[in-house]
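Okay, so here's the structure we're looking at.
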Amino acid sequence: MKRTLRRGWLLFCLILLIGSLPVSAQAASAPGWTLSTLDGDSITENTYADRTQLLVFYRGSMNGNNAVCYNSRSILQSLGEAYWIDDPDVQVITIEADHGDRDSVAAFKETFAPDLDQVVFAYGGSSLMWSYHGYGSLSFSFCVILQDGEVVETFDGVSDAAEISGHLAEYVDLGDDPNRAQTLVTGQYRQTEARSILGMLNDFRTGDQAWYWNSDNETITSYPPGTLGTLTYDYDLEQIAMQRAAELTIVFSHTRPDNTLCFTATANGTGSCGENIAAGFDSAEEVFFAWREDEDDFSGQGHRRNMLNGSFTSVGLACFDCQGWKYWVQEFGYGNSGAAATAANDGDAQVLVDYDKSVFPGLTPYVPLVPRDGLVEDPDGVWRLYEDNVLQSDYTGLAENENGWWYVFNGALDPDYTGLATNENGTFYVYKGQLADWRTGCEWVNGEYCEFYKGQLTTWKEDAWVGDPGGAGN
């Protein structure tokens, strides 16, 4: 079986580039402010006070044609794809907060968001950002939501406009995202096997192989045995890992099927701070050995550095088996949520996964199962006969619902049928799909002269009815 392993460079870059900024100077509540824009205008906190304002502080520094901050590049690129970007009740203002001037902001926009014309680009916002944020450190991008010029919410570490939607929707009716849907992924969890990796991880961290290459590929960073602490198991991180493992069956990436980064996956308010993924390995020992990357240089040891990261103190693990192909996930945390321990899930699973229809148009959207029993109208407008949610496709005859008795052919109501039909109570006259319980008298049916009483076919014998006139037709 071919084995594939997602290289760790992407995750490493994310960790490196969204690292915290230094602690700010003493902060006060945000004052009134004035900023210059790329269009040559000046704006204040009240310029767009008639709508909800979203301030997005980003780092516009560039190294050649590359952004120094991954999140800053990503947030600008994704804003243009946000379904709410043209909402008249929302005004987005992007503010460069790394001491960039007008020319650098223009270059950043031209490189990463040349068509983002719905947004106001401002600069000179470093001091303003810290006045909104206050004490401590932050990760770009830093967002502020204003209503009537006043702060209602702040949050940081944002890399995708989709992450903003939930915050913004608390204050503005954004409607439904037309590209958002859910699909159902089926497979089996192998959590007993996944959890066995915890011991391997801690042996690795505390043993004599706890080292990795530095970027010069000539020197190494090593940790003498016992230097690194062991990782504790976090059952909230496990829930994140299990969700992500199922999502990998759709797209093997640190970007989720809903087109947001892996770090948007949460469980009970807990989020991951680092992620390793792999696919195609048959056992926990095989995938762990691959994640060790013993023979790789610095560029190929991203997974190894994650596993030896001294800042990580907890981990959650998952294995999801989809048609014999196993997907493996490690989720790392800086602390432990303290979530209660749970039994290992080693059974069949059906996992709902959010996805972006514009990115994955071929996926089948999930439609919640409506309990079906008896004659039920399906979404396509056809009435069908079910028994305990199972379509009775072999049944032809009469079936009842609250509106009467109907003629069913191969499990589906036939509204065009006129003729005879039978059930356990006898034979009956059907007119345009429905039992004609109003019909008493004689009728030519299928070339025969028939007599009916309240829709039921009858014969005379000693002045008595043969058949039960109190049958289905009454």
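The values are calculated or read from the model by the stated rules, or taken from the named source; none is laboratory data. A quick note: this is a predicted structure, and the numbers were derived from the prediction, not measured. Cβ: placed from backbone, ideal geometry, glycine included. Neighbour counts: every protein chain shown. Remember, those area values only see protein heavy atoms, side chains included, never the ligands or the DNA or RNA. Shrake-Rupley method; radii C 1.70, N 1.55, O 1.52, S 1.80 Å.
Taking residue 375, is it farther than 30 Å from residue 162 by Cα and either assigned to a strand (DSSP E or B) or in contact (Cβ under 8 Å) with a residue 40 or more places away in the chain (or both)? Even if it seems obvious, please write down each step before you answer.
On the way: farther than 30 Å from residue 162 by Cα: yes; either assigned to a strand (DSSP E or B) or in contact (Cβ under 8 Å) with a residue 40 or more places away in the chain (or both): yes.
Criteria met by residue 375.
Residues that are surrounded by 17 or more Cβ atoms within 10 Å (Cβ to Cβ), in a helix (DSSP H, G or I) and not β-branched (Val, Ile, Thr) within the stretch 185-201 comprise 191, 193, 194, 195, 198, 200, 201, listed in sequence order. Of the residues 83, 123, 135, the single one that is among the hydroxyl-bearing types (Ser, Thr, Tyr), surrounded by 20 or more Cβ atoms within 10 Å (Cβ to Cβ) and in contact (Cβ under 8 Å) with a residue 24 or more places away in the chain is 123. Among residues of the stretch 417-428 that are aromatic (Phe, Trp, Tyr), those with a Cβ under 9 angstrom from a residue that is loosely packed, with under 15 Cβ neighbours inside 10 Å and not in a strand (DSSP E or B), sequence gap 6+ or separate chain, pair up as 417/432.
Among residues of the stretch 340-362 that are over 20 Å from residue 254 (Cα atoms), those with a beta-carbon under 9 Å from a residue that is in a loop (DSSP other than H, G, I, E, B) at least six positions away or on a different chain give the pairs 344/190; 345/190; 346/190. Can you find a residue that is open to solvent by 10 Å² or more (accessible area, probe 1.4 Å), within 21 Å of residue 335 (Cβ to Cβ), touching a residue at least 40 places away in the same chain (Cβ under 8 Å) and assigned to a loop (DSSP other than H, G, I, E, B) anywhere in the stretch 239-250? There is no residue in the stretch 239-250 that is open to solvent by 10 Å² or more (accessible area, probe 1.4 Å), within 21 Å of residue 335 (Cβ to Cβ), touching a residue at least 40 places away in the same chain (Cβ under 8 Å) and assigned to a loop (DSSP other than H, G, I, E, B). Taking the criterion of being in contact with a Ser or Thr (Cβ under 8 Å, 6 or more places away or on another chain), open to solvent by less than 20 Å² (accessible area, probe 1.4 Å) and not in a loop (DSSP other than H, G, I, E, B), the residues of the stretch 396-435 that qualify are 397, 398, 408, 421, 428, 430. Return the residues of the stretch 264-305 that are open to solvent by 20 Å² or more (accessible area, probe 1.4 Å) and among the β-branched types (Val, Ile, Thr); say none if nothing qualifies. Answer for the stretch 264-305, where residues must be open to solvent by 20 Å² or more (accessible area, probe 1.4 Å) and among the β-branched types (Val, Ile, Thr): 264, 266, 270. Residues in the stretch 163-184 that are open to solvent by less than 70 Å² (accessible area, probe 1.4 Å), part of a loop (DSSP other than H, G, I, E, B) and not acidic (Asp, Glu): 169, 172, 174, 175, 179.
Do you know which residues across the stretch 335-358 are closer than 19 Å to residue 264 by Cα, open to solvent by 50 Å² or more (accessible area, probe 1.4 Å) and of a type in the set (A, V, I, L, M, F, W, C)? The answer is 352, and nothing else.
Scan the stretch 202-225 for residues that are small (Gly, Ala, Ser) and open to solvent by 60 Å² or more (accessible area, probe 1.4 Å) and report the count. Before you say what the answer is, go through the steps one by one.
In the first step, residues of the stretch 202-225 are kept if they are small (Gly, Ala, Ser); the result is 207, 210, 215, 222.
After this cut, where a residue has to be open to solvent by 60 Å² or more (accessible area, probe 1.4 Å) as well, the list is 215, 222.
The number of residues fulfilling the criteria is 2.
Please determine whether any residue of the stretch 350-361 is hydroxyl-bearing (Ser, Thr, Tyr) and at pLDDT below 90. For the stretch 350-361, residues hydroxyl-bearing (Ser, Thr, Tyr) and at pLDDT below 90: present.
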